[in-house]
Amino acid sequence: MDVGLRGKRAAVAAASAGLGLATARALAAEGASVAICGRDRARIDEAAASIGGDCVPLVADVSDAAGGGAFVAAAADALGGLDILVTNAGGPPAGNFAETDVDAYPAALGLNLLSVVGMCKAAAPAMQSAGWGRIVAITSLAVRQPYAHLILSNTARAGATGFLKTMARELAGSGVTVNSVQPGLHRTDRVKALYGDRMDDAPMGDPDDFGHIVTFLCSDQAKFVTGAQIHVDGGAYQALL
């Protein structure tokens with residue numbers, strides 16, 4: 001099925017590995033021109049080489065609104081504009097309520113909430129003017145079902161989801177869709193760092209399969225899907241709503 005992405009220009013944040021890299025790879029396979037970012041030059045160059053084609057590697061730190069906005073501006077400059085934005089970032093440190101100091105929250109909010117705001121603010125106006133755009137945020141299943149010992153991530157990503165849902169409503173009818181995809185456990189470095197050997201005790205998703213879900217939300221066929229939060233978790237979330 002042709003998903004209509006040939007020639008589209010996509011920016012994928014935090015894509016030197018894991019779900020970001022898998023998403024960039026899936027978009028490039030559908031003919032999109034892709035710019036990706038990471039904080040380490042060697043790692044992001046290696047990731048771009050693995051994607052191939054005309055993938056543009058950019059060094060950027062998307063841990064706050066300013067960094068997120070700067071990445072979008074650099075990606076738009078490199079590609080001659082942006083049609084697709086995939087927001088993404090690493091996760092904050094693990095911890096529970098008792099051991100997590102109040103001073104740890106601003107950085108977590110910057111990383112997983114304000115960076116999303118900054119990227120969207122930088123990308124959406126031009127998409128609205130063009131009458132076509134796709135914004136997809138990679139968040140977490142924690143938005144629906146908070147994870148133990150990840151209170152910073154649970155808090156910040158829930159805020160990002162509220163922002164995205166509000167934005168989707170405001171942009172509806174402009175040709176720009178705004179959705180989020182909530183991964184459960186996938187075989188990534190982040191999950192390995194958190195769970196170690198326990199990864200073998202739970203179903204684990206393939207990052208490449210996750211990338212295909214994001215790519216579908218960027219497609220022409222998904223033009224009437226906006227404001228959605230789609231969990232990709234192998235059935236881990238069991239509530240009815």
Can we say A89 is surrounded by 15 or more Cβ atoms within 10 Å (Cβ to Cβ), within 23 Å of R190 (Cα to Cα) and out of contact with any strand residue (DSSP E or B) (no Cβ under 9 Å at 6 or more places or on another chain)? no
Residue hits (region 177-230; of a type in the set (S, T, N, Q), at pLDDT below 75 and not in a loop (DSSP other than H, G, I, E, B)) are none
Report whether or not Q238 is surrounded by fewer than 17 Cβ atoms within 10 Å (Cβ to Cβ) and modelled with pLDDT of 95 or more. no
Out of all the residues in region 39-48, is one or more under 22 Å from V117 (Cβ atoms) and under 15 Å from the mean Cα position of the chain (by Cα)? no
Looking at region 49-77, which of the residues that are under 17 Å from the mean Cα position of the chain (by Cα) and among the charged types (D, E, K, R) is surrounded by the most Cβ atoms within 10 Å (Cβ to Cβ)? D64
Do you know which residues across region 116-142 are in contact with a strand residue (DSSP E or B) (Cβ under 7 Å, 6 or more places away or on another chain), modelled with pLDDT of 95 or more and part of a helix (DSSP H, G or I)? V116, M119, C120, A123, A124, M127, Q128
Flag if A158 is among the aliphatic types (A, V, I, L, M), closer than 20 Å to A66 by Cβ and modelled with pLDDT of 95 or more: no
The number of residues in region 102-157 that are hydroxyl-bearing (S, T, Y) and surrounded by fewer than 22 Cβ atoms within 10 Å (Cβ to Cβ) is 4
Answer yes or no as to whether G80 is at pLDDT below 95 and surrounded by fewer than 24 Cβ atoms within 10 Å (Cβ to Cβ). no
Among helices (runs of 4 or more DSSP H) lying entirely in region 1-102, which contain 3 or more residues that are touching a residue at least 60 places away in the same chain (Cβ under 8 Å)? 18-29, 65-79
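Restricting attention to region 172-190, which residues are in contact (Cβ under 8 Å) with a residue 40 or more places away in the chain and out of contact with any Gly (no Cβ under 8 Å at 6 or more places or on another chain)?
Listed by number, the residues that qualify are S180, V181, Q182.
The values are calculated or read from the model by the stated rules, or taken from the named source; none is laboratory data. Just so you know, these numbers come straight off a predicted model, no measurement behind them. Using ideal geometry, Cβ is built from the backbone for each residue, glycine included, and neighbour counts are taken over all protein chains shown.
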